[in-house]
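Reading through the structure tokens given below for one structure.
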Amino acid sequence: MNVNHLRQKEAYNVAIVGATGAVGETFLNILEQRDFPIDTLKLYASKRSKGKQVTFKGTTYTIEELTEDSFAGIDIALFSAGGSQSKQYAPHAVKAGAIVVDNSSAFRLDPSVPLVVPEANPEDIAWHNGIIANPNCTTIIMLVALKPLYDYSRIRQVFVSTYQSASGAGAQAMEELKQQVRSWVAGEDISVEKFQHQLLFNVIPHIDKFQDNGYTGEEMKMFNETRKIMHDDEIRVSATCVRIPVLYSHSESISVVTENEITPEKARELFAGAPGLELVDNSDEFQYPMPLETQFQDDCQVGRIRKNIAGDNTLNFWVSGDQIRKGAALNAIQIAELLIDDTDKIRNRFKTAS
Ligand code: A2P
């Protein structure tokens, strides 16, 4: 499919699938904020939400139940309703002529589907066949920081531990953490449904299903998706993904082993010129990235940059980013913007300053 047919239009018919979810609501917020050129807007969720109303740019829209016939006339469909909904409905959207930007893991490793972080591989949108996949949130946030380093020296290995907020597990999971706070304050029993354990006053080193190799699905997503996005089947990523009692924004402690040494000074220089990234690295003033600083922000922050004293050619740093925005909704909308933009603008917007 040729991406260029969309570039001939002035405004687009957009559908949001999963419009009532944490990411779906943020889609609306970002489309409004960035003044995405919308002609008609259709909002879909499950039967449960049918008839609910939401306001977008001062107009009230009614949530409709998602069906296989929901996509007639749609140009761009933003999906964030879980993998099984994507698998079932995305092919119908494509058949109706829409381009799907899918936030689930359903198609990420499908060789016929580009997996795109606009700061890392915007050129990959050119070969889509109707579906473009949005990577996992932790992968997106990590790659915004890895890309400027990789352009300077090839990265061989990545060791990463994540500190992931409750909202990464969806709107209901975030509500569960808030309810645990209320119950604790009231001296009531704390109920646990969405997470495996009580999250309040705890950290849970378990996100997604355990695999045969001892890693979890979330951890293997970071391994596999990084290879696909960077077009590098030799890069090795070892991740430990941890849920922490924070509402918004994921943080990551990252060590990279590079082919050539990248000094902390050089890394600061590379990070400072990188799109989507803000350098916050001033230990004298106790300034470093934190979730309370990055929540609801578009840019990820990077700091705590230092030479790893346990390895050669190894650099440590700490990244924090709003995983609902850059880790999901914003990245998907940036992909949609690439679809409607012309190539020069794409290159300039996501070019790393050198
Ligand atoms: P609903 O609110 O009607 O359940 P989150 O990840 O924040 O929990 O959000 C999931 C989103 O996916 C919600 O908008 C939810 O709608 C939607 N969703 C879940 N199951 C379906 C389904 N079978 N069909 C359409 N949308 C669904």
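The values are calculated or read from the model by the stated rules, or taken from the named source; none is laboratory data. Everything numeric here is computed off the predicted structure, so don't read it as measured data. Note that each Cβ is placed from the backbone with ideal geometry, even for glycine, and that neighbours are counted across all protein chains shown.
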Given the conditions (1) more than 30 Å from Ile305 (Cβ to Cβ); (2) at pLDDT 95 or above, every one holds for Ile244 apart from (1)
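Take the range 207-234 and flag every residue that is assigned to a loop (DSSP other than H, G, I, E, B) and either of a type in the set (Ser, Thr, Tyr) or crowded, with 20+ Cβ neighbours inside 10 Å (or both).
At the first step, the residues of the range 207-234 found to be assigned to a loop (DSSP other than H, G, I, E, B) are 207-209, 211-215, 231-234.
Within the range 207-234, Ile207, Tyr215 qualify.
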Residues in the range 145-158 that are surrounded by 15 or more Cβ atoms within 10 Å (Cβ to Cβ) and part of a helix (DSSP H, G or I): how many? 7
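In the range 46-59, how many are outside any strand (DSSP E or B) and either within 13 Å of the ligand (Cβ to nearest atom) or within 15 Å of Gly21 (Cα to Cα) (or both)? First the steps, then the outcome.
Start the filter on the range 46-59 by keeping residues that are outside any strand (DSSP E or B), which leaves 46-52, 57-58.
Cutting the leftovers down to either within 13 Å of the ligand (Cβ to nearest atom) or within 15 Å of Gly21 (Cα to Cα) (or both) gives us 46-52.
Total satisfying the criteria: 7.
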Could you give every pair whose Cβ atoms fall below 7 Å, whose first residue belongs to the range 205-221 and is among the hydroxyl-bearing types (Ser, Thr, Tyr), and whose second residue is not in a loop (DSSP other than H, G, I, E, B), counting only separations of at least 6 or pairs across chains? Thr216/Phe210; Thr216/Cys241
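Only one of Val100, Val113, Val117 is closer than 21 Å to Glu337 by Cα, out of contact with any Phe, Trp or Tyr (no Cβ under 7 Å at 6 or more places or on another chain) and of a type in the set (Val, Ile, Thr). Can you tell me which? Give the derivation first.
Working: Val100 fails: out of contact with any Phe, Trp or Tyr (no Cβ under 7 Å at 6 or more places or on another chain); Val113 fails: out of contact with any Phe, Trp or Tyr (no Cβ under 7 Å at 6 or more places or on another chain).
Just one listed residue meets the conditions, Val117.
Filter the range 60-76 down to the residues that are among the aliphatic types (A, V, I, L, M) and within 9 Å of the ligand (Cβ to nearest atom) and list them by number. Don't jump to the end; show me each part of the working.
Narrowing the range 60-76 to residues among the aliphatic types (A, V, I, L, M): 63, 66, 72, 74, 76.
Across the range 60-76, the qualifying residues are Ile63, Leu66.
Just the residues that are aliphatic (A, V, I, L, M) and either over 18 Å from the mean Cα position of the chain (by Cα) or more than 16 Å from the ligand (Cβ to nearest atom) (or both), please, taken from the range 1-45. Please lay out each step first, then the result.
First pass over the range 1-45, keeping only residues aliphatic (A, V, I, L, M): 1, 3, 6, 11, 14-17, 19, 22-23, 28, 30-31, 38, 41, 43, 45.
Met1, Val3, Leu6, Ala11, Val14, Ala15, Ile38, Leu41, Leu43, Ala45, listed by residue number.
For the condition closer than 30 Å to Ser191 by Cα, of a type in the set (S, T, N, Q) and not in a helix (DSSP H, G or I), what is the one hit in Ser161, Ser167?
Values: Ser167 fails: not in a helix (DSSP H, G or I).
Exactly one of Ser161, Ser167 is closer than 30 Å to Ser191 by Cα, of a type in the set (S, T, N, Q) and not in a helix (DSSP H, G or I), namely Ser161.
Quick check on Gln179: is it within 16 Å of the ligand (Cβ to nearest atom) and exposed (fewer than 15 other Cβ atoms within 10 Å of the Cβ)?
Values: within 16 Å of the ligand (Cβ to nearest atom): yes; exposed (fewer than 15 other Cβ atoms within 10 Å of the Cβ): no.
Taking the combined requirement at face value, the residue does not satisfy it.
Based on what the data block shows, is Val100 closer than 15 Å to Gly24 by Cβ, within 16 Å of the ligand (Cβ to nearest atom) and buried (at least 23 other Cβ atoms within 10 Å of the Cβ)? Reasoning before the result, please.
Working: closer than 15 Å to Gly24 by Cβ: yes; within 16 Å of the ligand (Cβ to nearest atom): yes; buried (at least 23 other Cβ atoms within 10 Å of the Cβ): yes.
So Val100 passes the test.
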Residues that are in contact (Cβ under 8 Å) with a residue 60 or more places away in the chain and in the same structural domain as Met220 (by TED's automatic domain parsing), at least 2 per element: which strands (runs of 3 or more DSSP E) completely within the range 238-332 meet that? 250-258, 300-307, 314-321
Could you check Asp124 against (1) touching a Leu at 6+ places or on another chain (Cβ under 9 Å); (2) surrounded by fewer than 22 Cβ atoms within 10 Å (Cβ to Cβ); (3) more than 14 Å from Lys228 (Cβ to Cβ) and say which number it fails? (3)
Please determine, by comparing only the residues of the range 77-91 that are surrounded by fewer than 24 Cβ atoms within 10 Å (Cβ to Cβ) and of a type outside the set (D, E, K, R), which one is farthest from the ligand (Cβ to nearest atom). Pro91
